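The values are calculated or read from the model by the stated rules, or taken from the named source; none is laboratory data. None of the values given here were measured: they were computed from a predicted structure. Virtual Cβ from ideal backbone geometry, glycine too; neighbours counted across all protein chains shown. The accessibility values were calculated without ligands, DNA or RNA, using every heavy atom of the protein model including side chains. Shrake-Rupley method; radii C 1.70, N 1.55, O 1.52, S 1.80 Å.
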Amino acid sequence: MLASLRHRLHETFVRWALRVRPPEPAPIILTQRRVYVLPTRAGLAYAAALGVILLGAMNYNLSLGHALVFLLAGLGIVAILHTFRNLVLISLRPGRCEPVFAGGAAQFSLVLDNRRPDARTSLRLSIGDQDAVEVDIDARASKVAVLGYPATRRGWLPLPRVTIETTWPLGLVRAWSYAAPDLACLVYPAPA
């Protein structure tokens, strides 16, 4: 029961986060309002360690301890900004999808465009519980990411919701966004 409630809450958040009804018209631009940032477990441990160091520095009146805590806290805040900027303003367009037979894996291709003068590093794209595809995009360049998804039934298979995430550069925070491109794959009946 708790798992179903959690799943319903997650789906409600995703519908709100997409901001439009799927499928979305191309190109999909990940604006600032579509990118979400939360700390990872490593980020929470980092903050807890900073709190312990700060308490020790305050208890023993260590000015170098205060300097260390504030330096590391500033590094954490800068990491939040760089993680967010690594994902924001990426443009997604649907690519091609070759027809497959039922029981095979549909290969959806997405074209990611980077119009900024900074390279985008360690972007992970995934569909549901499928394995993530990691992509690096050079400055002012495009990259094609191919996502696999099982084609269990014949007919048109629409591309499910895609999660785009990154923890670059330090792994302290996770920035992610959702996209639902208008792309479908034709699934033929399995041969006898």
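Per the conditions (1) of a type in the set (Lys, Arg); (2) over 16 Å from the mean Cα position of the chain (by Cα); (3) open to solvent by 60 Å² or more (accessible area, probe 1.4 Å), the sole criterion not satisfied by Arg85 is (2). Each residue in region 110-138 was checked for being within 11 Å of the chain's Cα centre (by Cα) and basic (Lys, Arg), and 1 pass. Within the option set Ala49, Ala45, Ala26, being open to solvent by less than 70 Å² (accessible area, probe 1.4 Å) and not in a helix (DSSP H, G or I) holds for one residue only, Ala26.
Summed over region 137-169, residues that are assigned to a loop (DSSP other than H, G, I, E, B) and either more than 24 Å from Tyr188 (Cβ to Cβ) or open to solvent by 60 Å² or more (accessible area, probe 1.4 Å) (or both) total 10. Remark: pairs (first residue in region 95-114, at positive phi; second residue assigned to a loop (DSSP other than H, G, I, E, B) and surrounded by fewer than 17 Cβ atoms within 10 Å (Cβ to Cβ); Cβ separation under 9 Å; 6+ apart in sequence or on different chains) = Gly103/Thr152; Gly103/Ala190. Looking at the structure I just gave you, is Glu134 acidic (Asp, Glu), surrounded by fewer than 15 Cβ atoms within 10 Å (Cβ to Cβ) and not in a loop (DSSP other than H, G, I, E, B)? Criteria met by Glu134.
The selection criterion, being outside any helix (DSSP H, G or I), closer than 26 Å to Ala132 by Cα, out of contact with any His (no Cβ under 8 Å at 6 or more places or on another chain) and touching a residue at least 60 places away in the same chain (Cβ under 8 Å), does not hold for Ala79. Within region 170-192, take every residue that is in a loop (DSSP other than H, G, I, E, B) and farther than 14 Å from Ala106 by Cβ and give me the one that is most open to solvent (accessible area, probe 1.4 Å). Taking the candidates together, the pick is Ala192. Report yes if Ala79 is within 25 Å of Thr31 (Cα to Cα), of a type in the set (Gly, Ala, Ser) and buried (at least 17 other Cβ atoms within 10 Å of the Cβ), otherwise no. For Ala79, the condition - within 25 Å of Thr31 (Cα to Cα), of a type in the set (Gly, Ala, Ser) and buried (at least 17 other Cβ atoms within 10 Å of the Cβ) - is met. The one condition from (1) closer than 30 Å to Ala192 by Cα; (2) touching a residue at least 40 places away in the same chain (Cβ under 8 Å); (3) open to solvent by 60 Å² or more (accessible area, probe 1.4 Å) that Gln32 does not meet is (1).
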